[in-house]
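Since the structure comes first, as structure tokens, the remarks are kept for the end.
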Amino acid sequence: MKKIIRALTAAAAGLALAAPVTLATPAAATAAPPGESTRLELPRPTGPFAVGRDTLHLVDRDRKDPWVPTADRELLLSLYYPALPHTGTPAPYMSVPEAKALLTDRGQLGEYVTPERVAATRTQSRAGALPRPSAQRYPLIVLSPGFTMPRASLSVLAEELAGRGYVVAAVDHAYESDGTVFPGGRLLTCKACEQVFPDGSLRRVSDGRARDIPFVLDRLTGPHPAWRYSRLIDPHHIGMAGHSIGGAAASATMAADPRVDAGVNMDGTFFTPVPQSGLAGRPFLMLAGDPALLPPDFPDTSWEDTWPRLDGWKRRLTVTGAGHPGFTDWPVLGDQVGYAHPETPLSGTRSQQITRAYVGDFFDLHLRGLPAPRLNGPTPADPEVVFHRG
């Protein structure tokens, strides 16, 4: 049934304070199968800053979980920030149980790589690194992953943005991934899948996340912040980006919370429609995969319907050769293990160059006032990127 949700979400191209949490470091593989002698590695950020990473567990005592009503709503955040170089320790990519759960639902990829090798992927961030000494505060960007996907799936983008000078909060929404380890060693699996897949009620997911993110903003920028480095955040400059249904959550959150100044939807169907009244003139970037890679009989008009409702600066771009996973880490890792993902023929290197450049420049323009000429129209340097007028 999960293949159905991935097809659906591809259609766009689809209060309690907790101390910072240290989760288990992924175990190394005990025996490397043939072709697994090299360690997987995420690309280096292009920005000038070293990247630190922290983990924060949040529990909303005033809200029950939409999928497990006996539990309070829980969120697990990876917080990336400009850091003092050479402090902290290498940050783990994910735990082995998380990698195993992920590969179980990722088709043939599990035939090319072990969970241990995925878990041991070398990141470009350092856990517990000291913040970069500066009187400057940094804009905050929230990242929300695709349905069934963990927050780690957006690590390349998160590290890139932090290296450019942002604080980034990548969010795991409880019971909405294949498996995420929460404090206490609890592997929370996709209880939402059991309720959403039978009837396709995906709006429940994007609506729910539009309630999650305001709570996150309260706990990061409010009068009693939950994160030890919340002083780094400029609460007056906030953006949000998401992949797949996380992209739908970005616009839904903007409609619900005026604190979010700019948003990006990376290949997600707008299950929660943008209001007819728009987003109060705030900018929005629609970045989608190649329409030619969609099933020919797949009906979805949400991007066409959304375009006229966006009442501020807006762009609608597609990336030739990029399929639904092309805006995540998976093509990067797939290239390194020799797995040519059938849904996204564009190389992982090129996919992430484009994703990082266009998303990063969008936030540079709208949160920091920096020039972003590549967003003005087609450029020979990026022949894969197609600009659309509606």
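FYI, it's all coordinate maths here, none of it is from the lab. No experiment lies behind these values; they were computed from the predicted model shown.
Table for the structure above
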item	result
Cα-based Rg / Dmax (Å) for region 242-390	15.1, 47
Cα Rg, Dmax, region 66-137, angstrom units	16.9, 49
Value at 222 nm in deg cm²/dmol, rounded to 500, when DSSP H runs of n ≥ 4 in the chain each add -39,500 (n - 2.57)	-8000 deg cm²/dmol
Percent of Cα pairs exceeding the 28 Å cut-off, where the set is the chain	40 percent
Spatial extent of region 155-285: Rg and Dmax, with the Cα atoms as the point set, Å	15.3, 44
Part-to-part distance (alpha-carbon centres) for region 171-220 and region 245-277, which is given in Å	16 Å
Tail fraction, Cα-Cα pairs, region 208-294, threshold 23 Å, whole percent	26 percent
Coordinate range along principal axes, alpha carbons of region 119-187, Å, largest first	39, 22, 21
